[in-house]
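The values are calculated or read from the model by the stated rules, or taken from the named source; none is laboratory data. Predicted, not measured: the structure shown is a model, and the values here were computed from it. Heads up: the accessible areas ignore ligands, DNA and RNA and are worked out on the full protein's heavy atoms, side chains in. Shrake-Rupley method; radii C 1.70, N 1.55, O 1.52, S 1.80 Å.
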Amino acid sequence: MTSLLVRCFPARWRDRYGDEFEAILEERPLGPFDVADILLAAIDAHLHLRGIEAASQRRRGFMMSLRLGGLAAILGGVLFLGGLVASSIDQTDDGAGPWTAFLLAGTAALLLALIGLSSFQARRHPRLIWAAFALPALGMAMACVGIVGMAVAGDGPLVAGLSPWDIWILGVLGTVLGSALFAIATYQTRVLSQRAAALLATGSILLVSVLVIAATRVWTAGTGDAGVVTTVLTFVGVLAFTGGWIALGWTALRLQQPTATAVA
């Protein structure tokens, strides 16, 4: 990974700073935010051929990542909630109503929040954070494919015998699972609110249960009312999931200085 990132810089830059910068990268695990930061620095180096400071200014960038991640978490939670509420109200049968735009935008914002808020957690839980990032990233791609498929192909099989709805629900499931992993890492590092992390984890677990039940009913051609229990689980899960993200975002915006143990 570190060698690949160093190769993103111009040859003249690598000849002068490559060994030193690679040594810096190998000192501690890299998170999604670090990779994004380095890739942006590589672009900047290609444009301006600046020194190593252009690629390693993380201390100054930490608080900016928290602010951007916090704003994205709040926006993502609101949009995701709006999309789920609108989908429950929408009575159309095409499966691709206006609510899909809210869900897609909300998922994209939550992915950005994961990148921004993972700056510190990745130091202590790199594998967990990368899994929390990869699942929503894959989920968002699948959700996009599913939504486009619902609008174009309808309910017929689209890929490997899966309908567009199947692909979409798997995409949402990936987003929720990634959020659960991120909540666990956040709770353990104590950088942000543990209560908010616990709320997000609870909501994610409830939504995973509901999504699995819904997918099982469709894939087994189940019929009939979902039941009061499932309805209650969905309602509580959605509120906890979106509320957890919003609370984490608010905590990030109010955080002035990360704890030393989290950064080390």
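At 1.4 Å probe size, put Arg195, Arg254 in order of accessible surface, largest to smallest.
Numbers: Arg195 210, Arg254 160 Å².
Descending order: Arg195, Arg254.
At 1.4 Å probe size, with every protein chain present, just tell me what the per residue accessible area of the stretch 138-208 comes to in Å².
Details: 3000 Å² over 71 residues.
Result: 42 Å² of accessible area for each residue.
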